[in-house]
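Student: Sharing a structure here in structure tokens format.
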Amino acid sequence: MNSIILKSAAIAFASVAASLLLTLIIVPALGFPINRTIWLTSTLCPLVLAWVACASTFWQSDRLKNAHRELARAHAQLAAAHRRLSEKASRDDMTGMLNRESFFAALDGSRRKSDRGALLIIDADHFKKINDSFGHLTGDDALLLIASAIERGVRSGDVLGRIGGEEFGAFLVGATEQEAKRVAERIRREVELIRFRPVDERTIPLTVSIGGTVCGEDVNVSELMRAADRRLYQAKHRGRNLTILDTDVSAAA
């Protein structure tokens, strides 16, 4: 408010100066004497009118600037909230990994950028038995431990998702066949090393079976999934706690 008053005053006094200058030039030129009334009119009229007009203009301008700042702040908050909601909607509530839809969207996006990479499907072994024996809350605890082990096993930049109840997907961006085998086996070992002990119970072994495939050129996501599923099926039927990538089999130690 003080700045509005000061700016209005400056313009008002400039208007008075201009009015007096014009009065001194024009009135004598017309042949009229400059009396007190003319002096007062030349001084007070521009002073009052200019001050009021300028104060109103500056006040409105200030209000518009404040409204614009508030609008920009609200827009930024709305955009941040939208990003948080979008992120939450793309994540699995329990593990924090990408949900099924978001995982396959990310996989498809990665495939469009590069043909290189490998897809792993990781499935917890005998998980129904854990749920049936100890309850779903205990099963959830086991899943969280398995999810953490998977995260430790992959590389930075790889894409992870929970694509089923106890099934996870990992897309190893740019991985060669040998790199994919190393990552898959590292995940299997990380899970195998878990010492899962529910309250007042013995240690329950946790293992996963992993099927994977290296991306071929012009192979779509559905074909990759079918190929990885076939390897997973083989791992399950060869005793579980195995990683099978293409034709390679890595057995548990």
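Student: Excluding ligands and nucleic acids, what accessible area in Å² is computed for residue 70 using a 1.4 Å probe, to the nearest 10?
Tutor: Ignoring ligands and nucleic acids, residue 70 comes out at about 110 Å².
Student: Could you tell me the calculated FRET efficiency between residue 100 and residue 246, based on Cβ-Cβ distance and R0 = 25 angstrom, to the nearest 0.05?
Tutor: On the way: r = 24 Å, r/R0 = 0.96.
Here the calculated transfer efficiency is 0.55.
Student: Quick one: Karplus J couplings for segment 186-200, per residue in order, coefficients 6.51, -1.76, 1.60, θ = phi - 60°, nearest Hz, x for Gly and Pro?
Tutor: Rounded to whole hertz, the list is 5, 4, 4, 5, 4, 5, 4, 7, 5, 10, 8, 10, x, 4, 6.
Student: What figure, in Å² to the nearest 10, do you get for the accessible area of residue 92 with a 1.4 Å probe and non-protein molecules left out?
Tutor: In the full protein context, residue 92 sits at about 30 Å².
Student: Run the simple label-point estimate for residue 141 and residue 90 please: 7 Å along Cα→C-beta, distance reported in nm.
Tutor: 3.3
Student: Quick one: 3J(HN,Hα) in Hz for segment 90-97, Karplus 6.51/-1.76/1.60 with θ = phi - 60°, rounded, Gly and Pro as x.
Tutor: Using θ = phi - 60°, the values come out as 8, 10, 6, 4, 7, 8, x, 6 Hz.
Student: Pop out the ³J(HN,Hα) list for segment 98-105 in order, Karplus 6.51 cos²θ - 1.76 cosθ + 1.60 with θ = phi - 60°, rounded to Hz; leave Gly and Pro as x.
Tutor: After applying 6.51 cos²θ - 1.76 cosθ + 1.60, I find 4, 6, 4, 4, 5, 4, 5, 5 Hz.
Student: Could you report the accessible area of residue 132 in Å², rounded to 10, computed with a 1.4 Å probe on the protein chains as they sit in the structure?
Tutor: 110
Student: Follow-up question, since we're still on this one. In whole percent, and with a 1.4 Å probe on the protein chains, what portion of the accessible area of segment 113-253 is carbon and sulfur?
Tutor: On the way: 3340 of 7070 Å².
Ligands and nucleic acids excluded, carbon and sulfur give 47 percent.
Student: If r is the Cβ-Cβ distance from residue 189 to residue 77 and R0 is 51 Å, what FRET efficiency results, to the nearest 0.05? Write out the running numbers ahead of the final one.
Tutor: Working: r = 46 Å, r/R0 = 0.89.
Here the calculated transfer efficiency is 0.65.
Student: Moving on to the next point. Suppose all protein chains stay in the model; what accessible area per residue would a 1.4 Å probe give for segment 72-222, in Å²? Each step should come with its number before you reach the end.
Tutor: Numbers: 8160 Å² over 151 residues.
Value for segment 72-222: 54 Å² per residue.
Student: Take residue 201 and residue 177, extend 7 Å from each Cα along the Cα→Cβ direction, and tell me the distance between the two endpoints in nm.
Tutor: 4.1
The values are calculated or read from the model by the stated rules, or taken from the named source; none is laboratory data. These figures come from a predicted structure and were not determined experimentally. Neighbour counts are summed over all protein chains in view; Cβ atoms, including those assigned to glycine, are modelled from backbone coordinates with ideal geometry. The accessibility values were calculated without ligands, DNA or RNA, using every heavy atom of the protein model including side chains. Shrake-Rupley method; radii C 1.70, N 1.55, O 1.52, S 1.80 Å.
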